[in-house]
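Notes follow the structure.
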Amino acid sequence: MSVRVPVYDTGMLIALAARKAKAVQIHRGLVRAPHRPVVPGPVLAQVWRPDPATVHAVSAVLKECTVPQARSSSSALRPTSAGQAECIACATAPDITDWRRVGTVLGVADLPAKKCPDAVDALVAWVAVKHRSAVVFTSDPADITAYVEAIGADDVHVVAV
């Protein structure tokens, strides 16, 4: 049985910055998980604001997360007694085909009524699918589920925060 890779969307980071109980409890429960929670760069960009409260709260959360492809980010996999392994999904940048797939998903996802396609949410779904057996923590479970289904994955779980 594999361990599910946690992936945070914008709503999860906002909930953590606001110290919402459910989000904080989930995040604390992942402190010892082999794979740090994944925060795609665009998710961080959507949440980051230059006010001190947001900077402090989000910076504290990011210490226990990984932002794939970011040089100053923590390693995706925590060190073990056997050494430091690397997550290939986090270490590998998307290629043109991947970006085209994300764009295609934006056009075909069966989103809830009154919802517009969101490239960051589609990217979160793609990151989760790329990791296989991932779990996405989100405030918009219907949106993420629509993107995951449009990709055709059946091994990604979505948890509302």
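The values are calculated or read from the model by the stated rules, or taken from the named source; none is laboratory data. Given the structure is predicted, the values throughout are model-derived calculations rather than measurements. In this analysis, Cβ positions are derived from the backbone assuming ideal geometry, glycine residues included, and neighbour counts consider all displayed protein chains. Please note that ligands, DNA and RNA were not included when accessible areas were found on the heavy atoms of the full protein model with its side chains. Shrake-Rupley method; radii C 1.70, N 1.55, O 1.52, S 1.80 Å.
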I want to verify the translational diffusion coefficient of the stretch 14-104 in µm²/s; compute it with Stokes-Einstein, Rh as the Kirkwood radius over Cα pairs, at 20 °C and 1.002 mPa s.
147 µm²/s
If I build a Gaussian network model for the chain, linking alpha-carbon pairs within less than 10 angstrom, which residue out of HIS56, HIS131, HIS27 has the largest mean-square fluctuation?
HIS56
Which option, [x] 1.16; [y] 1.06; [z] 1.00, is the value of Cα Rg over 2.2 N^0.38 Å that was calculated from these coordinates?
[z]
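Hey, got the dipole for the stretch 90-161? About the Cα centre, +1 on K and R Cβ, -1 on D and E Cβ, debye to the nearest 20?
It comes to approximately 100 debye.
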Quick check: pseudo-label points 7 Å beyond the Cα along Cα→Cβ at ASP155 and GLN46, how many nm apart are they?
2.5 nm
Largest-first ordering by accessible area, 1.4 Å probe, given options ASP9, ASP154
ASP154, ASP9
Provide ARG4, ARG132, ARG71, ARG32 ordered by accessible surface of protein heavy atoms (probe 1.4 Å), highest first.
ARG71, ARG32, ARG132, ARG4
Which distance in Å, rounded to a whole number, links the C-alpha centroids of the stretch 46-78 and the stretch 147-161?
24 Å
Spin-label pair GLU64/ARG19, simplified geometry with 7 Å Cα→Cβ offset, distance in nm:
1.5 nm
I'd like to know how the stretch 83-139 sits against the 2.2 N^0.38 Å rule of thumb: what's its Cα Rg over that expected value?
1.30
Which Cys residues of the chain have no other Cys Cβ less than 4.7 Å away and so no disulfide-compatible partner by this rule?
CYS65, CYS116
Cα convex hull of the stretch 65-159: mean projected area in nm², to one decimal?
6.9 nm²
Computed, not fitted: 222 nm per-residue ellipticity of the chain from DSSP H runs ≥ 4 (each -39500 (n - 2.57)), nearest 500, equal to -13500 deg cm²/dmol
